[in-house]
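Undergrad: Have a look at the structure that comes next, please.
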Amino acid sequence: MICVDKTMRASLSTLFVCSVVVFSSSLTQGQMSFQGLGYLPGGTDSNAIALSDDGTTVFGSGSSSSGQRAYRWTSATGMQSLGAMAGGNSSAGYGGSADGSTAVGSGSTFGGNHAYRWTSGTGMQDLGVLPGGGFSVAWGVSANGSVVVGQSESSVGSRAFRWTSATGMQSLGSLPSGTTTRAWDVSGDGSVVVGEGSLLTGNRAFRWTSATGMQNLGVLPGATDSYAYGVSTDGLTIVGSSLMPTASHAYRWTSATGMQDIGVLVPGGYSIAYNTSADGSVVIGTSGTSFSTRKAFFWRQDLGMVDIQSLLVSAGLGSQLSGWTLTDAYGASVVNGVLTITGSGTFNGRSEAFITSMAIPEPASVTVLGLFSLGLLRRRRKPAAS
């Protein structure tokens, strides 16, 4: 825990403002865009949870005149309901494939809430439950939609699962001496699964492959728990949060670096990393001093942690963002130097999904921001917020 006096807080706050100005000064309004995704017919709220690798397809959930529904959005089609499973009256979207073809989540059925896999050809397919279970939910899906991961009740408790059409739903077991597990995401080829498992000493993020089983990723120094929410396409970069004595801190993990704290937007606050870009270079999530003050961020090694809304406003998109508060970033895509992010916020007090795109400047144009982030990391040496 770092103690920061008032003078240091003021200096850091001033430096952060300057860093945003330096960052945005190299961007023009034409290089950035922002759009609220609206609502399903008859709906009053929406959220975005996943983004295709080319940045054109968004997946999420929203209310509608028929009840809660998972949706798929493109600029051409708008927000389209994915319906519900047979015998069900609600569905929620929690993941989408990199190619934009497959959605996964959970929906109500005759027997309770079950994980589903959706494509335009199959509709909403019930993936069932593990033996002895009555509930399941799908959180992640491989790049081509063939591998689905999530959690299911079973005769031995809640377990992370991996599903394919050939194998059906298979339990991934638990950490040594552990109990419950949950899988949040999967690599592009479906071979690496990430999530968390419970131990007597707390929750631990894990990385699973068929060869290694569940690998405990540990915690940040001084932390008690950790969670892995996202993984890069190649399975080598993992992001999530680790619970410190006073707050959660977002981290980025590789086998070479281990778990690295990527900081917070405001000194003394918390942060959670929800996902990463395909190559693992950009991390996205939320950070604030409380749940009600949280802000969507993106992070890159040379840029540090950036408040997305402040950046957009500084670049001249203030009028488009009037009435908005961008709270959570869940999906990221980088194509030809353009970063596209989707997430959720509030517009005039109502929850609404959004999508934004920006050209990321070269490191030379963000020197101040990089120094600011480095300074915080040196001084200091991701779901419920603390």
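Undergrad: Exactly one of (1) polar (S, T, N, Q); (2) touching a strand residue (DSSP E or B) at 6+ places or on another chain (Cβ under 9 Å); (3) farther than 20 Å from Thr109 by Cβ is unmet by Gln151. Its number?
TA: (3)
Undergrad: For the range 281-323, which positions are under 23 Å from Gly38 (Cβ atoms) and either of a type in the set (Lys, Arg) or touching a Pro at 6+ places or on another chain (Cβ under 8 Å) (or both)?
TA: Answer for the range 281-323, where residues must be under 23 Å from Gly38 (Cβ atoms) and either of a type in the set (Lys, Arg) or touching a Pro at 6+ places or on another chain (Cβ under 8 Å) (or both): Arg294, Lys295.
Undergrad: For the range 167-194, what are the residues that are part of a strand (DSSP E or B), of a type outside the set (S, T, N, Q) and at negative phi?
TA: Met169, Arg182, Ala183, Trp184, Asp185, Val186, Val193, Val194
Undergrad: Yes or no: Gly55 at pLDDT below 95 and either in contact with a Cys (Cβ under 7 Å, 6 or more places away or on another chain) or part of a loop (DSSP other than H, G, I, E, B) (or both)?
TA: Values: at pLDDT below 95: no; either in contact with a Cys (Cβ under 7 Å, 6 or more places away or on another chain) or part of a loop (DSSP other than H, G, I, E, B) (or both): yes.
So Gly55 does not fit the description; no.
Undergrad: Restricting to the range 79-112, and then to whatever is in a loop (DSSP other than H, G, I, E, B) and more than 26 Å from Gly343 (Cβ to Cβ), can you tell me which residue is modelled with the lowest pLDDT? Lay out the reasoning, then the answer.
TA: Restricting attention to the range 79-112, the residues satisfying the condition of being in a loop (DSSP other than H, G, I, E, B) are 82-90, 97-102, 110-111.
Among the residues that remain, those that are also more than 26 Å from Gly343 (Cβ to Cβ) are: 85-89, 110-111.
On the way: Met85: 96, Ala86: 90, Gly87: 89, Gly88: 93, Asn89: 94, Phe110: 86, Gly111: 80.
Restricting to residues being in a loop (DSSP other than H, G, I, E, B) and more than 26 Å from Gly343 (Cβ to Cβ), the top hit is Gly111.
Undergrad: Testing Met259 on (1) at pLDDT below 95; (2) touching a Phe, Trp or Tyr at 6+ places or on another chain (Cβ under 8 Å), one condition comes back false. Which one is that?
TA: Failed condition: (1).
Undergrad: Can Asp279 be described as over 22 Å from Arg204 (Cα atoms) and not in a strand (DSSP E or B)?
TA: Answer is yes for this residue.
Undergrad: From the list Ala70, Ala115, Ala103, Ala84, which one is of a type in the set (Gly, Ala, Ser), farther than 24 Å from Pro41 by Cβ and surrounded by 20 or more Cβ atoms within 10 Å (Cβ to Cβ)?
TA: Residue meeting the stated conditions: Ala115.
The values are calculated or read from the model by the stated rules, or taken from the named source; none is laboratory data. These numbers come from a predicted model, not from an experiment. Note that we place each Cβ from the backbone using ideal geometry, even for glycine, and neighbour counts take in every protein chain shown.
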